[in-house]
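The values are calculated or read from the model by the stated rules, or taken from the named source; none is laboratory data. The structure presented is a predicted model; accordingly, all values stated were derived computationally and were not measured. Note that we place each Cβ from the backbone using ideal geometry, even for glycine, and neighbour counts take in every protein chain shown.
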Amino acid sequence: MTASPVLELRDLHKVFPLRGTFGRVRGEVRAVDGVSLSIPKGQVYGLAGESGSGKSTIARMIMGLTRPTGGDILLDGVSILGRQASLAHRRKVQMVFQNPGASLNPRRTVGQSIRVPLDAHGFPGNRQRRVAALLEMVQLPRHFAERYPHELSGGQKQRVAIARALAVEPRLLVLDEPTSALDVSVQARIIELLEDLGGELGLTYLFISHDLSLMRNFAQTVGVLYRGRIVETGAVAQVFGAPQHDYTRLLLASVPVISAEEEAMRPAIPLINGEIPTAEDLLALRQQARSKERQA
Ligand SMILES: Nc1ncnc2c1ncn2[C@@H]1O[C@H](COP(=O)(O)OP(=O)(O)O)[C@@H](O)[C@H]1O
Ligand SMILES: [Mg+2]
């Protein structure tokens, strides 16, 4: 018998009502539109896609922060959507968010922040020792337990966020653009850390990013998400070496984002008549923008 995958998404859907002025429902957004994937133990699955493609909505559903409108989510073969889904089961999946500044409480010391999930899940053992061990795991000195987030660099904050996620010994880490707010040199070191921890602790990762150069080095399998659907999936070398879908080629062709400032300046996908544009629309828009740049 083969073991269940650590994570399995089955035909997952999320539809948001689209509200106009006065909160009237004007339509719906199919943010996630029938996504299926599975991640075996110890593997890194890279979920790629532009802003607005549905990546964070998938992450939030896996974390139980928003409820799917259809489909199922299984952890180690057990649905997390059923009423019997326990706190013990919830503990198995933890998340690292894009912005380490916003995900750490500024009024808590590093040690206090790392202790929160330990207390929430009633984790046994000496707290101080556990915090010191976790800081060591993410290669920070133990005296950092007394520091406040504002005393830390972006990379150090993200290491604390990783330590906090690891505190309750999860099986799966959902990484939602974990390095896109960081400088390039820091990004690579955080990825290295995640790789080392994955090997040591036997972790499984869902790595969400629009940065395909990072994904290429980190993930074994990729899924390319486009308008809430996985349009292409396979081994990293196969998808990146010979992309089959226009949209994958488009993603591969885009200039890598190098800083938080640039990321903030990147336009979101423009809506065409209130619809998310097709890959062909996007290609046309990009070509227009490029020829304008050339003329300027
Ligand atoms: N709470 C919400 N209410 C309405 N629409 C939402 C909500 N959250 C996300 N969306 C929409 O769902 C789509 C996917 O968003 P998201 O999952 O955040 O994409 P990504 O993380 O890939 O940038 C977008 O069109 C977004 O505007
Ligand atoms: Mg997102």
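Taken together, the residues in region 123-180 that are assigned to a loop (DSSP other than H, G, I, E, B) and either over 19 Å from Asn99 (Cβ atoms) or of a type outside the set (Gly, Ala, Ser) (or both) amount to 19. Any residue at all in region 8-26 that's within 16 Å of ligand 2 (Cβ to nearest atom), within 18 Å of Val222 (Cα to Cα), in contact (Cβ under 8 Å) with a residue 12 or more places away in the chain and of a type in the set (Asp, Glu)? No, because not a single residue in region 8-26 is within 16 Å of ligand 2 (Cβ to nearest atom), within 18 Å of Val222 (Cα to Cα), in contact (Cβ under 8 Å) with a residue 12 or more places away in the chain and of a type in the set (Asp, Glu).
Do we have Ala188 as in a helix (DSSP H, G or I), at pLDDT below 95 and within 16 Å of ligand 1 (Cβ to nearest atom) here?
No, not satisfied.
Among the residues of region 200-223, just one is modelled with pLDDT under 95 and in a strand (DSSP E or B), namely Ser209.
Go through region 104-122 and give me each residue that's assigned to a helix (DSSP H, G or I) and either out of contact with any Asp or Glu (no Cβ under 7 Å at 6 or more places or on another chain) or without any contact (Cβ under 8 Å) to a residue 24 or more places away in the chain (or both).
Val110, Gln112, Ser113, Ile114, Arg115, Val116, Pro117, Leu118, Asp119, Ala120
Scanning region 87-123 for residues that are under 19 Å from Leu182 (Cβ atoms) and not hydrophobic (A, V, I, L, M, F, W, C) gives Gln98, Asn99, Pro100, Gly101, Ser103, Pro106, Ser113.
Of the residues examined, Arg115 is one that is at pLDDT 95 or above and more than 16 Å from ligand 2 (Cβ to nearest atom).
The one condition from (1) within 16 Å of ligand 1 (Cβ to nearest atom); (2) in contact with a His (Cβ under 6 Å, 6 or more places away or on another chain) that Ala181 does not meet is (2). Of the residues making up region 17-33, those that are part of a strand (DSSP E or B) and either more than 14 Å from ligand 1 (Cβ to nearest atom) or exposed (fewer than 15 other Cβ atoms within 10 Å of the Cβ) (or both) number 7. Here Leu206 passes the criteria (1) within 16 Å of ligand 2 (Cβ to nearest atom); (2) over 26 Å from Leu134 (Cβ atoms) except the one numbered (2). Residue count for region 36-78, restricted to those that are closer than 16 Å to Thr221 by Cα and either more than 11 Å from ligand 1 (Cβ to nearest atom) or free of Cβ contacts under 8 Å to residues at least 60 places away in the same chain (or both): 11. Would you tally the residues in region 199-229 being more than 13 Å from ligand 1 (Cβ to nearest atom), of a type in the set (Lys, Arg) and in contact (Cβ under 8 Å) with a residue 40 or more places away in the chain? So the answer is 0.
Residues in region 49-67 that are more than 12 Å from ligand 2 (Cβ to nearest atom) and either in a strand (DSSP E or B) or basic (Lys, Arg) (or both): Arg67 alone. Against the list (1) closer than 22 Å to Gly111 by Cα; (2) buried (at least 23 other Cβ atoms within 10 Å of the Cβ), the condition Pro149 fails is (2).
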